[in-house]
Structures are given as structure tokens and as C-alpha cells.
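For reference, the structure discussed in these notes is given below.
The values are calculated or read from the model by the stated rules, or taken from the named source; none is laboratory data. Quantities reported herein were computed from a predicted structural model and do not represent experimental measurements. Cβ placement follows ideal geometry from the backbone for every residue including glycine, while neighbour counts extend to all protein chains displayed. The area values use the complete protein model at the heavy-atom level, side chains included, leaving out ligands, DNA and RNA. Shrake-Rupley method; radii C 1.70, N 1.55, O 1.52, S 1.80 Å.
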Amino acid sequence: MLEGPSSTPPSPEVNSVPTHIAIIMDGNGRWAQNRYMPRIAGHKQGVETVRGVIKACMERGVSFLTLFAFSSENWRRPSDEVASLMQLFLGALEQEISKLHENGIRFKVIGDLSRFEPKIVEFIDIGEKLTANNSQLTFTIAANYGGRWDIMQAMRKMMAQSIESPIQIDEEIFSKYLSMNYAPEPDLFIRTGGEYRISNFLLWQLAYTELYFTNTLWPDFDVQELELAIQSYQQRERRFGRTSEQVQIALPAEG
Ligand code: IPE
Ligand code: IPE
Ligand code: MG
């Protein structure tokens with residue numbers, strides 16, 4: 001049977017634990033404002049949440065965790081908030097890279113690094129190189145990332161190399177130029193903070209991802225909240241275009 005020219009996974013995943021979880025960490029500012037604290041206090045607390053989520057993903061056997069930390073649009077924020085976020089990012093890189101390495105975590109950053117200060121770029125580089133051969137969990141931070149930026153940079157790179165003639169380019173070839181070419185597409189997408197939008201996150205890769213939204217603000221997102229998201233994911237039937245009956249037949253018999 002012809003499958004058609006789609007690069008989305010050919011058969012439904014039956015893994016109970018998502019292989020790849022991608023999260024938009026939203027609600028830091030509101031968390032702080034609810035406590036009459038400056039927004040940056042929420043961002044700081046958000047870093048604590050990141051630690052907990054990494055640990056929980058390791059324990060559950062998740063292979064890829066991707067977190068949206070700063071979007072291409074976040075430069076539009078007040079300059080003091082942007083500056084504080086950069087300081088926080090730099091501090092976290094300084095403190096955490098060795099710990100990530102000790103825990104066997106591979107660290108990656110996706111996004112346009114050209115706008116970051118040299119020190120940040122340097123730490124990212126050191127971190128990626130140091131942890132390159134680790135295999136416990138691939139932890140990706142999306143920083144100055146935008147899904148449209150990613151598609152554009154992939155297209156430019158592909159055209160500059162011009163190995164393929166246009167007629168030969170297919171989804172699989174193109175996706176090799178995307179910045180997250182080392183990871184399978186996310187199985188589960190989580191957005192905290194009660195907003196129902198993708199905000200220019202992984203546009204290409206989210207084509208068939210299961211979406212989960214929660215009102216919980218990121219600093220309050222704990223292991224139980226992650227558990228709820230995974231439980232919701234486990235109740236989904238991933239059909240990838242097929243009918244429910246087809247999916248049921250393809251599933252291996254239980255027992
Ligand atoms: C998300 O929290 C973190 C970043 C975008 C850096 P927000 O800062 O967007 O928090 P809210 O949405 O204002 O509450
Ligand atoms: C953007 O969050 C994604 C990140 C968490 C970095 P925002 O809170 O800035 O998203 P919008 O602009 O409100 O959609
Ligand atoms: Mg927000």
C-alpha cells in the first residue's frame with residue numbers, strides 16, 4: 001500500500017513513556033506578580049522547576065527533553081527583563097553544566113546564538129562538547145529560538161550546499177538541516193501557564209505531537225504535574241492518519 005509523501009511516523013508509537021517531551025515553560029512572570037515580587041523572581045524559581053523536571057524525566061526513562069527558554073520574540077520585552085534573563089541563563093550554564101555531565105546528560109542548545117553575548121556562546125559550546133557522548137537524557141534548551149527561524153535557516157543551509165536538485169528534496173532530506181536533527185519529533189508537548197498557543201516553538205516537529213495544556217504556572221509545575229501530563233498522553237490514541245480500527249489491529253496483543 002502506498003503511504004504517500006509524508007515524513008510523519010509511519011506507525012503509531014506504543015511506548016507508554018514518551019520518548020521526547022517538549023515544554024513551553026510559561027507563567028514565571030505571573031507567578032512572581034501573584035506574590036508581589038519582580039518578574040525575575042519567577043524566572044529564578046522557574047530554574048528550580050527545570051531541575052526537578054530533568055530529574056523526573058531521567059527517572060522515568062524519557063530520552064529527550066526540550067525546553068523553550070527564550071523565543072525570538074522575547075527580545076520585545078523590557079530591556080531590564082531581557083538583561084536579567086541573560087544573566088540568569090549565564091549563571092545557570094556556569095553552575096549546571098558540570099552537574100549535567102556528572103549525571104550522564106547530553107546538553108544541547110537550539111536557536112540563533114548570534115545575538116547572545118560571547119560568554120554565553122562560549123559556555124554553550126563548552127557544555128555541548130563536554131557532554132556530547134553522554135547517553136542518559138538529551139536535554140535541549142531552545143534559546144532565541146523560533147520555529148520559523150529554524151525552517152528558514154534549514155532552507156538557507158540546504159540551498160547553500162545545493163547537493164539535491166529541487167525535485168529530489170523531500171521532507172526527510174529537508175529535516176536533516178533543522179537544528180534539532182539529532183532528535184525524534186516530540187511525542188508530548190506541554191505548555192504551562194494557561195495559554196493555548198505554540199508561540200513559534202517547534203513548528204515543523206510538532207506536526208503529530210500530542211498537545212497538553214495546563215493552567216499551572218511553570219514555577220509550580222512539579223513531578224505530580226508532569227505525571228498528570230504523561231498520564232494524559234498515555235490515554236491518547238495516536239493514529240497518524242489511520243482509523244482507530246487500523247490502529248487496534250496493528251497493536252501487539254497484550255499478555
Ligand atoms: C515564561 O514565563 C518564561 C519566558 C518567556 C522567558 P513568562 O515570563 O512568559 O511568564 P508570564 O507569561 O508573563 O506569566
Ligand atoms: C514564549 O513564552 C515561549 C517561552 C516560554 C520562552 P511567552 O510567554 O513569551 O509567549 P507568548 O508571547 O505569550 O505567546
Ligand atoms: Mg508568558
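Remarks
- None of T138, T216 is more than 16 Å from ligand 2 (Cβ to nearest atom) and either open to solvent by less than 60 Å² (accessible area, probe 1.4 Å) or over 24 Å from K44 (Cα atoms) (or both) except T138.
- Region 219-251 - residue that is of a type in the set (A, V, I, L, M) and open to solvent by 60 Å² or more (accessible area, probe 1.4 Å) and, of those, nearest to S7 (Cα to Cα): A250
- Test: residue in region 69-76 that is assigned to a helix (DSSP H, G or I) and under 30 Å from Q234 (Cα atoms): no
- Residue that is buried (at least 20 other Cβ atoms within 10 Å of the Cβ) and under 13 Å from H43 (Cα atoms), where the choices are A92, A69: A69
- Selection count where residues are part of a helix (DSSP H, G or I) and either crowded, with 19+ Cβ neighbours inside 10 Å or near ligand 2 (Cβ under 8 Å from one of its atoms) (or both), scope region 22-38: 4
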